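The values are calculated or read from the model by the stated rules, or taken from the named source; none is laboratory data. Just so you know, these numbers come straight off a predicted model, no measurement behind them. Cβ sites come from the backbone with ideal geometry, for glycine too, and all protein chains shown count toward neighbours. Calculation scope for accessible area: heavy atoms of the full protein, side chains included, ligands and nucleic acids excluded. Shrake-Rupley method; radii C 1.70, N 1.55, O 1.52, S 1.80 Å.
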Amino acid sequence: QRTAYQNLFLNSINPSAYDNTIYGGSIVEDAYGAAPQQGLQYNRPTAPGQGFISQGPQVPTGFGNAYFPTGGSNIFGPQQQFPGLPQPQTTPNPATLGCGLTPPFCAKSRYRSYDGSCNNLQNPGLGTPQTRYNRLLPAKYGDGVSTPTLAKSGNALPSARLVSINIYPDVPVEDPIWNLNAMQYGQIITHDMSMIVGSTQTQPHSTRCCSADGQLLELANSPDHCFPIVIPFNDPAYSQQNLRCMNFVRTITDRDRNCVGGSQPAEQLTAVNHFLDLSIVYGNSDQVNQQVRLFQGGRLRTEQRNNQEWLPRSMNVSGDCTVLNPNEPCYFAGDTRVNQNPQLTILQTILLREHNRIADNLAKINPHWSDETIFQEARKINWAQHQHITYYEWLPIFIGLENSIKNKIIWRNKGYVDDYNPGVNPSILNEHANAAFRFFHTLIAGQLDLVSEKRNSYGNIRLSDWFNRPAIIEQGNNFAELTRGLATQPELAADAYHDSEITLNWLRQPGQQLGQDLKAICIQRNRDHGLASYNDYRHFCGLPRAYSFQDFLDVISPENVNRLASLFEHPDDVDLTVGGSLETIVPGTLAGPTFLCILTEQFYRTRVGDRFWFENSGEGGFTLPQLYEIKKSSIARLLCDNGYNVRAMQPRGFERISHTNAVVPCESLPVVDLSLWKDIQGPAPTGSGDFFYKK
Ligand code: HEM
């Protein structure tokens, strides 16, 4: 049997060598909710109720399996369901979050819920906010239960900051093909899929694990959940200011919430729903959704300034943003991280405007539709376009076209795919969110170009001047100029180099010279979550286990193997985040073989575990002609239609401008024809929720 590594390389050489073998290797057991699998080969359940979920290990109290002890034979609960009526209020009260709540019953609906409940009818709580990450390999905590990972010897691992200094210097190498928009859309995808519970990811944590002057606290004085990063004495930057301690607060787990006890290993919780459903726009709960909606014409709430529509203002500007004056824009959206960096806020604004653009069109062609109907149909088109752009435009760049086809992540046929499998657990893998997917922080550029319609650069802004301070996007013509900048400026290359705007200046406060080191934070997070070691995942993904540092030479350069050997005591000690990030990139992708294996696994689950996936037919699905239209959507057209003064764009909007990808007028780019959403029946009986689209 070929290994994952061999398969990936074979694919890039000879596409006809595909077979259904995904990754060879060890037996894997999902920690929660999914049954054992052979490597990454899927033993797909053949009939409802025989899925991985119902066969899997018993999930602890609060996770929701209890509703389907018989394997999911009864998909609708004890209460009667009414087609077409709004979803029941299933959102948990934040005060009693626990480890997620399972709705008491599932109403039949053609639309997804906001919190992802009832997506899996056999396990309605699966994929909802405040639930556990899933895992491919069991955790390796220091004490076997919850403390951060230690070296094999029992010693502490080398300081995360020391590793960052030695392995991830700031050397500006540009990606030869892909633009900054590819990086930025990646962050949109990430925020849609997961968010560790307990930190804002936009502001310094309110729990302080270091003294006010940046020194380590004595253990007895350290607040709960602290795991501060030790700054070496000879740190080239921080030692100048005599700083010895970088703040770090541990992620909240199911043990912290008393959802499990005894010696059950802790599992971290994620705050948002696990599905790729544009929850960053629509919110992860009924409550947040009500706050983002206008309740008129199916629109989302916006504010009009300078002839443009902006996200609504946050009700707590000084709390949510790092503003210099309280009148500065600071936005409210479905995701709390919306203000984190200017380019992220731009894409969030574009996705919001896209909803309203679709809603206005639907309202025009279906004047008899209610606000609710327009809203839900526009939302559905918007998230379907997002799934299409993510899977058919973005993923082939990041995990490779051939790899995506071979692993049934994308399909060459244009029609329905219908590969939903209720036995596949769609939950986000801890290894994916907290190691593999974070690798793409390497693509972040420290300066953001402002670009004219003729694609000349007017200059740029410094990223760390604008963390959590989105005011910059409303100044002058910045919105259009930064949007063009996204599509014009190259992203940085997928390598070990990181821009010091994030390795020294993350969350730099106004007037300060230095901020934090995001790379060190990500290494510390890997240990906080007790992820198994790089060596374990190599083995899991089909590479040989390393017994000496030299054994890493198959995929890591001699210079980096030497660095690892000088920092770590034993090959088994190398963190997944670190080892995975040093592997040679697999041709045609932006990741090394181990991360590629994890990313591939996640994106397979995210697709096949989503009952509402846009390529599924059946009740609530698109008609075939509508699906063909959705498949015309593109990132280029999205930027064109919602960037206001953006009047031209290159057709492949994640790719740098070139003679084979030249800028063309927006009107010449394919467009999704919304006339196919004309409800030809006219007014439907009240509340029936049925539409009559031409088939
Ligand atoms: C300017 C751009 C970005 C900034 C400032 C940024 C910053 C951050 C921060 C502060 C965290 C949380 C760190 C922690 O406390 O553990 C984080 C997490 C993460 N980032 Fe980024 N990031 C950026 C872009 C990206 C991109 C392009 C990707 C991937 C394509 C990405 C993937 C992730 C993932 C997967 C997580 C963990 C999500 C979770 O909580 O489950 N980020 N990022």
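The accessible area of residue 318, taken with all protein chains in place and a 1.4 Å probe, comes to roughly 90 Å². Distant-in-sequence amide contacts of residue 134, defined by a placed amide H-H separation under 5 Å and a gap of 5 or more residues or a different chain, comprise 428, 429, 430. Taking the average, over residues, of other Cβ atoms within 10 Å as the packing measure, peptides 639-646, 455-462 rank 639-646, 455-462 from highest down.
Taking only protein heavy atoms and a 1.4 Å probe, the accessible area of the stretch 462-609 is 49% carbon and sulfur.
Treating r as the C-beta distance of residue 240 and residue 619 and R0 as 60 Å, the FRET efficiency rounds to 0.40. Between residue 450 and 458, 459, 460, 461, the built amide H atoms are under 5 Å apart, and every one of these is 5 or more places off in sequence or on another chain.
Under 19 Å of direct C-alpha separation, and excluding same-chain neighbours fewer than eight residues apart, residue 694 reaches these aspartates and glutamates: 377, 615, 619, 629, 673, 679.
Note that the stretch 594-604 has calculated 3J(HN,Hα) couplings of 6, 5, 4, 4, 5, 4, 4, 4, 5, 6, 5 Hz, one per residue in order, obtained from phi through the Karplus relation 6.51 cos²θ - 1.76 cosθ + 1.60 (θ = phi - 60°); glycine and proline are x. Computed extension gain for residue 413 through residue 457, at 0.36 nm per residue and net of the alpha carbon distance, reaches 11.8 nm.
The accessible surface of the stretch 243-401, taken with every protein chain in place and a 1.4 Å probe, is 49 percent carbon and sulfur. Stretched out straight at 0.36 nm per residue, the stretch from residue 368 to residue 220 would grow longer than its current Cα-Cα span by 46.7 nm. The relative contact order of the stretch 264-343 comes to 27 percent, based on Cα pairs under 8 Å that sit 6 or more residues apart. Here the Karplus curve 6.51 cos²θ - 1.76 cosθ + 1.60, taken at θ = phi - 60°, turns the phi angles of the stretch 423-429 into couplings of x, 8, 7, x, 4, 6, 7 Hz, with x standing for Gly and Pro. Considering only alpha-carbon pairs that sit under 8 angstrom and 6 or more positions apart, the relative contact order computed for the stretch 193-323 is 22 percent. Taken per residue, the accessible surface of the stretch 495-648 reaches 28 Å², heavy atoms only and a 1.4 Å probe. Here the label points at residue 550 and residue 208, each 7 Å from Cα along the C-beta direction, are separated by 5.1 nm in the simple model.
For the stretch 135-245, the relative contact order is 23 percent, taking Cα pairs closer than 8 Å that sit 6 or more residues apart in sequence and dividing their mean separation by the residue count. The accessible area of residue 693, taken with all protein chains in place and a 1.4 Å probe, comes to roughly 20 Å². By a 1.4 Å probe calculation restricted to protein chains, residue 569 has an accessible surface near 100 Å², given to the nearest 10.
Once backbone amide H atoms are built at 1.01 Å from N, residue 506 has 515, 516, 518 as its partners under 5 Å, excluding neighbours fewer than 5 places away on the same chain. Going by accessible surface with a 1.4 Å probe and the largest first, 411, 506 read 411, 506. Legend: residues 539, 205, sorted from most to least accessible area (1.4 Å probe; ligands, DNA and RNA excluded), read 539, 205.
Rolling a 1.4 angstrom probe over the stretch 632-684 with all protein chains present gives an accessible area of which 56% lies on carbon and sulfur atoms. Sorting 124-137, 544-557 by their mean Cβ neighbour count within 10 Å, with the most densely packed peptide first, gives 124-137, 544-557.
Compute the length gained on full extension between residue 307 and residue 201: take 0.36 nm times their separation in residues and subtract their Cα-Cα distance, giving the result in nm to one decimal.
35.0 nm
The overall shape of the stretch 421-485 is prolate: from the C-alpha gyration tensor, with semi-axes ordered a ≥ b ≥ c, the ratio a/c is 1.5 or greater and a/b exceeds b/c. The 3J(HN,Hα) values that the Karplus relation (6.51, -1.76, 1.60; θ = phi - 60°) gives for the stretch 287-302 are, in residue order, 5, 5, 4, 5, 6, 8, 8, 8, 6, 9, x, x, 8, 8, 5, 9 Hz. Gly and Pro appear as x. Spin-label model, residue 495/residue 475: points 7 Å from Cα along the beta carbon direction are separated by 3.2 nm. The residues 152, 408, 140, 380, sorted by heavy-atom accessible surface at 1.4 Å with ligands and nucleic acids left out, run 152, 140, 408, 380 from largest to smallest. Accessible area per residue for the stretch 196-255, computed on protein heavy atoms with a 1.4 Å probe, is 52 Å².
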